[in-house]
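Below you'll find the structure, written out as structure tokens, and then a few comments.
Every number in this text was worked out from the coordinates using simple rules, so none of it is lab data. On a predicted model such as this, the values are computed, not experimentally measured, just so you know. When we count neighbours, we look across all protein chains shown, and the Cβ atoms used for this are built from the backbone with ideal geometry, even at glycine.
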Amino acid sequence: MNGFSNKKKRRGYREFLYIVPFLILVLVFSYYPLYGWIYSFFDYQPPLPFSWDSFVGLKWFKTLFQSKSYVKQTLEVLRNTFAMSGISLAFSWLPMFFAIFLNEIKNIRFRKFVQSVTTFPNFISWVLVYSVAFLLMSNNGMFNSVAMKLGIIEKPIDFLKSNDHMWIKMWLWLTWKNLGWAAIMYIAAISSIDGELFEAARVDGASRLKIIRHITIPSLLPTFFVLLLLNISNFLNNGMEQYFVFQNSWNREYIQVLDLYVYNLSTSKPPVYSVSTALSMLKSIVSLVLLFGANTFSKIVRKQSII
């Protein structure tokens, strides 16, 4: 009995050693940078050396709530963040139905072609995506050239300098880039559905739509709800790269999200590094609260925890 117990312990130690490199990577790249939060408690101006003489406590946190300019700007940024994240959340079902659509394509070559074409944009940087947008939507872009030749418009429209429907436009570019990649998990989930269920449904005379409605979609819902809850917990983290490359002086009012606002503060002239760090710290705390809130909601509704 003792030999079995010792063998089990050695196996446990060995399995722990397997994950040690990954734990080190998480500590180095995810937790060690949190040391930078200390700058939110100091009146720090890069590139001056860090000094404890500039300690100001919660001054910058109070500034975020007391300064009218910061309050106004923060509310505007939160509006954009909630709007863009809300649109993405409202259409979070789209990858699931796209995966179902792909699964229903019977021609395997055509299915692989569609999947490859829709997945490839995920590996393109946002700089290249903006280049595509510039070639299509700028004053001299393809859309304006074709539309003017056809007599649809009289003068070119520079869509990239317009703030009209900015939230929808950003969501469309995000969907074009990520739809195929986001559908991969649902495609894997579809492949794990017991094939006998489909065979039994076909024998009973069920149509393809009924099979999708009563077998495929219910089988994918657990995956959908887990991803939905994770998206809710990640509500404030809608990225920066996309909005950074698309921002300009004409659309900044509607495109500047929280992550981009933090970056712009830290790179402004003069930089307000401490304020941007304080705002980033508050965002992380709120995101953590949303994560545990989503997990509690999952426990109540689905009787399952996501963390």
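List the residues whose amide H sits under 5 Å from the amide H of residue 42, counting only those 5 or more places along or on another chain, with H placed 1.01 Å from N in the peptide plane.
56
Just want the answer: with Cβ charges of +1 for Lys and Arg and -1 for Asp and Glu, which residue in 256, 223, 277 is farthest toward the dipole's positive end in the range 207-307?
Going by the charge dipole, the pick is 223.
Taking only DSSP H segments of four or more residues, each worth -39500 (n - 2.57), what value at 222 nm results for the chain once the sum is divided by all its residues, to the nearest 500 deg cm²/dmol?
-20500 deg cm²/dmol
Pick out, in residue order, every one of the trypsin sites (Lys or Arg not before Pro) in the range 103-187 that is DSSP loop and has at most 11 other C-beta atoms within 10 Å; say none if there are none.
Here the sparse-neighbourhood loop sites are 106.
Please list 3J(HN,Hα) in residue order for the range 154-163, calculated via the Karplus relation 6.51 cos²θ - 1.76 cosθ + 1.60 where θ = phi - 60°; whole Hz, with x for glycine and proline.
With the stated coefficients, the range 154-163 comes to 8, 9, x, 10, 8, 5, 6, 9, 9, 9 Hz.
So if each residue of separation counts as 0.36 nm, and I subtract the Cα-Cα distance between residue 6 and residue 231, what length gain in nm does that give?
Full-extension gain reported as 76.7 nm.
Find the relative contact order for the range 233-307 and round it to a whole percent, using C-alpha pairs within less than 8 Å whose residues are 6+ positions apart.
That works out to 33 percent.
Apply the membrane-span-like helix rule to the chain: whole DSSP H runs, Cα extent along the own long axis of at least 27 Å, mean Kyte-Doolittle hydropathy at least -0.5. List the helices found.
Those that pass (Cα extent of 27 Å or more, hydropathy at least -0.5) are 2-26, 68-90, 273-301.
Which value, in debye to the nearest 20, gives the size of the charge dipole of the range 168-230 about its Cα centre, when Lys and Arg are +1 and Asp and Glu are -1 at the Cβ?
Here the size comes out at about 400 debye.
Between residue 128 and residue 105, what is 0.36 nm times their sequence separation minus the Cα-Cα distance? Round to one decimal in nm.
My answer for the length gained is 5.3 nm.
Using a 10 Å cut-off around each Cβ, can you sort 54, 249 from fewest to most neighbouring Cβ atoms?
Going from least to most buried by this count: 249, 54.
Please give the FRET efficiency for residue 142 paired with residue 92, using the beta carbon to beta carbon distance and R0 = 30 Å, rounded to the nearest 0.05.
Approximately 0.45, to the nearest 0.05.
How many lysine pairs in the range 71-301, separated by 8 or more positions in sequence or lying on different chains, have Cα atoms less than 19 Å apart?
The result is 5.
Under 13 Å from the 7 Å Cα→Cβ point of residue 59, by amide nitrogen: which residues of the range 23-43?
Residues 40-43 fall inside that zone.
Among 252-265, 225-238, 23-36, 198-211, what's the highest-first ranking by average C-beta atoms within 10 angstrom per residue?
252-265, 225-238, 198-211, 23-36
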